[in-house]
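Okay, so here's the structure we're looking at.
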């Protein structure tokens, strides 16, 4: 057994309160978990997506209601909250798309090394957050 193996902590019985707080998840693990979270989030918010699509296409009056919801709000819910939910959907869609493409690429090319997994995971995280920031700035009227 080498010196490196002796110094690494060995988790056999994981205590959720003690061990999970100190566990460092690699970038590929974060991408995998966030891929599932983004998919679940898009599924749960599907009624909001359908409402936005319906309001934006039905008529001129419904489109005005749609734009007013993001401006001043609807039914006591402020407009910034609708924008925040839409921003979450933007991130969810972008992350789910990019992580899915990463998984498909790794499956198709059999590039499953630890180095490629880490670098492609970091790329997915940076691209998803960067594109979300750009589209979020447009959503909140910064440009």
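Every number in this text was worked out from the coordinates using simple rules, so none of it is lab data. Since the structure is predicted, the reported quantities are computational estimates derived from the model, not experimental observations. Every residue, glycine among them, receives a Cβ derived from its backbone with ideal geometry; neighbour counts consider all protein chains shown.
Is there any pair with a first residue in the range 62-88 that is without any contact (Cβ under 8 Å) to a residue 12 or more places away in the chain and a second that is surrounded by fewer than 13 Cβ atoms within 10 Å (Cβ to Cβ) and outside any helix (DSSP H, G or I) whose Cβ atoms are under 7 Å apart and which are 6 or more apart or on different chains, and what are they?
Pairs that qualify, where the first residue is without any contact (Cβ under 8 Å) to a residue 12 or more places away in the chain and the partner is surrounded by fewer than 13 Cβ atoms within 10 Å (Cβ to Cβ) and outside any helix (DSSP H, G or I), are 79/72.
Can you tell which of 102, 111 is in contact with a helix residue (DSSP H, G or I) (Cβ under 8 Å, 6 or more places away or on another chain), within 30 Å of residue 26 (Cβ to Cβ) and not in a helix (DSSP H, G or I)?
Details: 102 fails: not in a helix (DSSP H, G or I).
None of the other options fit; the residue is 111.
Does the range 12-47 hold any residues that are over 19 Å from residue 114 (Cβ atoms) and not in a helix (DSSP H, G or I), and which are they?
Residues satisfying the conditions are 12, 13, 14, 15, 16, 17, 18, 19, 20, 21, 22, 45.
So if I check each of 123, 132, which one is under 24 Å from residue 71 (Cα atoms), assigned to a helix (DSSP H, G or I) and under 17 Å from the mean Cα position of the chain (by Cα)? Talk me through it step by step, then tell me what you get.
Numbers: 123 fails: under 24 Å from residue 71 (Cα atoms).
From the options 123, 132, the qualifying one is 132.
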